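Novice: Dumping the structure here so I can ask a few things about it.
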Amino acid sequence: MELSEYSTYDATSLAAKVADGEASAADLLALAQQRADQVNPKLNAIVRRMDAIAERRVTEPLTGPFAGVPFLIKDLLQEYGGLPTSHGTAALRNAKATEHSSVVQKFLDAGVVIFGKTNTPELGSKGITEPTLWGPCRNPWDLERTSGGSSGGSASAVAAGIVPVAGANDGGGSIRIPAACCGLVGLKTSRGLTPFGPVEGDPLLGWVTQGVVSRTVRDTAGFLDAIIGPNKYEGTQIVQPAVPFSVAIQTPPTGLRIGYSTKSAINPSPDADAIQAVEEAAQVLTELGHQVEEVEPPYDDAQLSRDFLTIWFAQLYGQVTRIKEIFGAKDADFEPDTLAVAELGRATGIGPVFMALERIHEFTRSLVDYQDTYDLLLTPTLAKVPLKVGETETPHALQVGSRVIARARAGKLLALSGIADDLVEQALGWVPYTQLANMTGRPAINVPLHWTADGVPLGVQFVGRLGEDAGLLALAAQLEQAAPWVSRYPAPV
């Protein structure tokens, strides 16, 4: 198999070739490594190579639905025993995992050959992937633009053809945002469906779910089939699907009631391409026989965004404090933005955090009431085209000020400055649609249906009912047939 041919296959096809004896795991690994050597210097998608481990693995018998398929894991919440998981921060650069995380073990049980770890922002705390530790990750469709975050390295690697699918996770859009930026499929599952443990529990109140980014719906379905299932370490466990996702996607949905909206109080003027993406999706859905109509947003997204960041800042303070206590990290080991936000979280106090937690039920109730009438909510995934790399970088003077504020524990003054509202706009203004699913525990998927005139992807998002992940995947498969995207490849790489 030639490299040009390798990059056209999805993981399901590659696994079939290995099973049929048309290719070996060693052959596929060599091709993936060759492609990584070719394009990763431009992208900075892979930050830790695991070649020796992978080359040993391909000499062993491999079993599972994706036996022999090259694979990458995210360098955040996907620990590989014996290797560091940096979480994108210098504070953890050399902190070795004592054992595989549950999801990594599931990936290995599926037969994949893991040969690297992918770039992620510090502690997964941004919708872009530009950590000081590893440097920025770039978008294969436009090297001047971000690949999104926090699974930006995984999305960049898949879009560039290094691997057909890669590990990812999502706490506020971290699968869907990079999938939208890079023209990929990305599902955030229902809460409690994917595994955490054994060392780490459910991060961020169970908002975070494990998963993948991929080029095809069947790969996403197949990998989710491989990693879901009862997990004794979970604090939440929903009913497992009665039918495997890979089977469910073979039956196209009919007569869905879908409401769509592009409105956001945080960003009242989304890009024309974001609006066009949703309108085009609505047209395709109508042609497929679904009932589609424009609706008002079924929740207060301005309040939800403030509450999301209030809780996020508090947990970030907890993370920083814990890392300092366990690993002896110092302020100098963290980025200024992280320190400032963590200090803001500390200074906010427990009262606002609990008020924000209480309001989550209001958002859940609003969405449930909406879905009494509509099966799905359709929105843009991004309000803007993927940002330019460095566009949101904090000026040097403010970085210095952030360190001073953190050291002086002057978060109260920071809060009084009104910076929290500014951060809502700055951090979430280009991605105001994704946090709803995490806070309410609902499944949501990015489907890559739109590219700008400049050839940059811009996806659309569907939010479904709790536990109806299979329906989202089946709709995505139907759209994949009606408006194919798998034949599109990024020219810059």
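The values are calculated or read from the model by the stated rules, or taken from the named source; none is laboratory data. Quick caveat, the model's predicted, so the values are computed rather than measured. Counting neighbours? That spans all protein chains shown, and the Cβs are built from the backbone with ideal geometry, glycine included.
Novice: Looking at segment 252-268 only, could you name the residues that are at pLDDT 95 or above and among the hydrophobic types (A, V, I, L, M, F, W, C)? Step through it out loud before you land on a result.
Specialist: Initially, segment 252-268 is screened for residues at pLDDT 95 or above, giving 252-264.
Within segment 252-268, Leu256, Ile258 meet the criteria.
Yes/no per residue for (1) closer than 19 Å to Leu357 by Cα; (2) of a type outside the set (Asp, Glu); (3) assigned to a loop (DSSP other than H, G, I, E, B):
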position	(1), (2), (3)
Lys263	no, yes, yes
Pro268	no, yes, yes
Ile275	no, yes, no
Glu279	no, no, no
Leu285	no, yes, no
Pro297	no, yes, yes
Arg306	yes, yes, no
Ala314	yes, yes, no
Tyr317	yes, yes, no
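Novice: Still on this structure, please answer the following. Please indicate, with yes or no, whether at least one residue in segment 206-222 is assigned to a helix (DSSP H, G or I), at pLDDT below 95 and either surrounded by fewer than 17 Cβ atoms within 10 Å (Cβ to Cβ) or within 20 Å of the chain's Cα centre (by Cα) (or both).
Specialist: Just the residues of segment 206-222 that are assigned to a helix (DSSP H, G or I), to begin with: 206, 217-222.
The next check asks that each one be at pLDDT below 95; those that pass are 206.
Those still in the list that are either surrounded by fewer than 17 Cβ atoms within 10 Å (Cβ to Cβ) or within 20 Å of the chain's Cα centre (by Cα) (or both) too: 206.
Yes, segment 206-222 contains a residue that is assigned to a helix (DSSP H, G or I), at pLDDT below 95 and either surrounded by fewer than 17 Cβ atoms within 10 Å (Cβ to Cβ) or within 20 Å of the chain's Cα centre (by Cα) (or both).
Novice: Additional query: So which residues in segment 465-490 are surrounded by fewer than 17 Cβ atoms within 10 Å (Cβ to Cβ) and not in a loop (DSSP other than H, G, I, E, B), if there are any at all?
Specialist: Gln481, Ala482
Novice: While we're on this one: If the requirement is being at pLDDT 95 or above, hydroxyl-bearing (Ser, Thr, Tyr) and in contact with a helix residue (DSSP H, G or I) (Cβ under 6 Å, 6 or more places away or on another chain), which of these qualifies: Thr89, Thr98, Thr59, Thr85? Give the derivation first.
Specialist: Numbers: Thr98 fails: in contact with a helix residue (DSSP H, G or I) (Cβ under 6 Å, 6 or more places away or on another chain); Thr59 fails: in contact with a helix residue (DSSP H, G or I) (Cβ under 6 Å, 6 or more places away or on another chain); Thr85 fails: in contact with a helix residue (DSSP H, G or I) (Cβ under 6 Å, 6 or more places away or on another chain).
After applying the criteria, what remains is Thr89.
Novice: Also, I was wondering about something else. Somewhere in segment 241-250, is a residue free of Cβ contacts under 8 Å to residues at least 40 places away in the same chain, more than 15 Å from Ala470 (Cα to Cα) and either in a loop (DSSP other than H, G, I, E, B) or among the aliphatic types (A, V, I, L, M) (or both)?
Specialist: First, the residues of segment 241-250 that are free of Cβ contacts under 8 Å to residues at least 40 places away in the same chain: 242, 244, 246-247.
Now narrow it down to the ones that are more than 15 Å from Ala470 (Cα to Cα): none.
For segment 241-250, residues free of Cβ contacts under 8 Å to residues at least 40 places away in the same chain, more than 15 Å from Ala470 (Cα to Cα) and either in a loop (DSSP other than H, G, I, E, B) or among the aliphatic types (A, V, I, L, M) (or both): absent.
Novice: If we keep just the residues of segment 441-464 that are more than 26 Å from Arg191 (Cα to Cα) and not in a loop (DSSP other than H, G, I, E, B), which is farthest from the chain's Cα centre (by Cα)?
Specialist: Per the criteria, the residue is Trp451.
Novice: Next question, about the same structure. Got a number for residues in segment 280-296 being surrounded by fewer than 16 Cβ atoms within 10 Å (Cβ to Cβ) and either free of Cβ contacts under 8 Å to residues at least 60 places away in the same chain or of a type in the set (Lys, Arg) (or both)?
Specialist: Total satisfying the criteria: 7.
Novice: A further question follows. Might you check whether a residue that is surrounded by fewer than 24 Cβ atoms within 10 Å (Cβ to Cβ), over 24 Å from Gly81 (Cα atoms) and either of a type outside the set (Phe, Trp, Tyr) or out of contact with any Cys (no Cβ under 7 Å at 6 or more places or on another chain) (or both) occurs anywhere in segment 161-171?
Specialist: No, that holds for no residue.
Novice: Oh, and also: Test of understanding: among Ile128, Ile162, which residue is within 15 Å of Cys181 (Cα to Cα), in contact (Cβ under 8 Å) with a residue 40 or more places away in the chain and assigned to a loop (DSSP other than H, G, I, E, B)? So that I can check it myself, show each step before the final result.
Specialist: Numbers: Ile162 fails: within 15 Å of Cys181 (Cα to Cα).
Of the residues listed, the single one that is within 15 Å of Cys181 (Cα to Cα), in contact (Cβ under 8 Å) with a residue 40 or more places away in the chain and assigned to a loop (DSSP other than H, G, I, E, B) is Ile128.
Novice: Oh, and also: Return the pairs, sorted by first residue and then second, in which the second residue is assigned to a helix (DSSP H, G or I) and hydrophobic (A, V, I, L, M, F, W, C), the first residue lies in segment 16-37 and is under 21 Å from Met50 (Cβ atoms) and without any contact (Cβ under 8 Å) to a residue 40 or more places away in the chain, the beta carbons are less than 8 Å apart, and the residues are 6+ apart or on different chains.
Specialist: Going by the 8 Å Cβ cut-off, the qualifying pairs are Leu31/Leu3; Gln34/Leu3.
Novice: Going by the conditions given, is Tyr6 in contact with a Leu (Cβ under 8 Å, 6 or more places away or on another chain) and hydroxyl-bearing (Ser, Thr, Tyr)?
Specialist: Numbers: in contact with a Leu (Cβ under 8 Å, 6 or more places away or on another chain): yes; hydroxyl-bearing (Ser, Thr, Tyr): yes.
Considered against the rule, which asks whether it is in contact with a Leu (Cβ under 8 Å, 6 or more places away or on another chain) and hydroxyl-bearing (Ser, Thr, Tyr), Tyr6 comes out as yes.
Novice: Hey, another quick one. Is it true that some residue in segment 61-68 is in contact with a Ser or Thr (Cβ under 8 Å, 6 or more places away or on another chain), outside any helix (DSSP H, G or I) and surrounded by fewer than 20 Cβ atoms within 10 Å (Cβ to Cβ)?
Specialist: There is no residue in segment 61-68 that is in contact with a Ser or Thr (Cβ under 8 Å, 6 or more places away or on another chain), outside any helix (DSSP H, G or I) and surrounded by fewer than 20 Cβ atoms within 10 Å (Cβ to Cβ).
Novice: So Ala11 passes all but one of these: (1) loosely packed, with under 14 Cβ neighbours inside 10 Å; (2) in contact with a Ser or Thr (Cβ under 9 Å, 6 or more places away or on another chain). Which condition number does it fail?
Specialist: Every listed condition holds for Ala11 apart from (1).
Novice: Which one of the conditions (1) over 14 Å from the mean Cα position of the chain (by Cα); (2) crowded, with 24+ Cβ neighbours inside 10 Å; (3) within 24 Å of Tyr489 (Cβ to Cβ) does Pro131 fail to meet, given that it meets all the rest?
Specialist: Going through (1) over 14 Å from the mean Cα position of the chain (by Cα); (2) crowded, with 24+ Cβ neighbours inside 10 Å; (3) within 24 Å of Tyr489 (Cβ to Cβ) one by one, Pro131 breaks only (3).
Novice: Take the residues in segment 40-60 that are assigned to a loop (DSSP other than H, G, I, E, B) and surrounded by 16 or more Cβ atoms within 10 Å (Cβ to Cβ), then tell me which one is farthest from the chain's Cα centre (by Cα). Walk me through it before giving the result.
Specialist: To start, the set of residues in segment 40-60 that are assigned to a loop (DSSP other than H, G, I, E, B) comprises 44-45, 50, 58-60.
This time we only want the ones that are surrounded by 16 or more Cβ atoms within 10 Å (Cβ to Cβ), so: 44-45, 50, 58.
Numbers: Asn44: 17, Ala45: 14, Met50: 22, Val58: 28 Å.
Ranking the candidates gives Val58 first.
Novice: Tell me which residues, restricted to segment 281-332, are basic (Lys, Arg) and over 25 Å from the mean Cα position of the chain (by Cα).
Specialist: Step one: filter segment 281-332 for residues basic (Lys, Arg), giving 306, 322, 324, 330.
Listed by number, the residues that qualify are Lys324, Lys330.
Novice: Here's a follow-up. Determine whether segment 228-251 contains at least one residue that is modelled with pLDDT of 95 or more, charged (D, E, K, R) and surrounded by fewer than 19 Cβ atoms within 10 Å (Cβ to Cβ).
Specialist: no
Novice: Would you please list the contacts, defined by Cβ atoms under 6 Å and residues six or more apart or on different chains, that run from a residue in segment 330-341 that is assigned to a helix (DSSP H, G or I) to a residue that is of a type in the set (S, T, N, Q)?
Specialist: Pro336/Gln399; Pro336/Ser402; Asp337/Thr394; Leu339/Ser402; Ala340/Ser402
Novice: Now a separate question. Being out of contact with any Cys (no Cβ under 9 Å at 6 or more places or on another chain), hydroxyl-bearing (Ser, Thr, Tyr), surrounded by 20 or more Cβ atoms within 10 Å (Cβ to Cβ) and not in a helix (DSSP H, G or I) is the requirement here; does Thr379 meet it?
Specialist: On the way: out of contact with any Cys (no Cβ under 9 Å at 6 or more places or on another chain): yes; hydroxyl-bearing (Ser, Thr, Tyr): yes; surrounded by 20 or more Cβ atoms within 10 Å (Cβ to Cβ): yes; not in a helix (DSSP H, G or I): yes.
Taking the combined requirement at face value, the residue satisfies it.
Novice: Is there a residue being surrounded by 14 or more Cβ atoms within 10 Å (Cβ to Cβ) and in a loop (DSSP other than H, G, I, E, B) anywhere in segment 354-364?
Specialist: No; the residues of segment 354-364 include none that is surrounded by 14 or more Cβ atoms within 10 Å (Cβ to Cβ) and in a loop (DSSP other than H, G, I, E, B).
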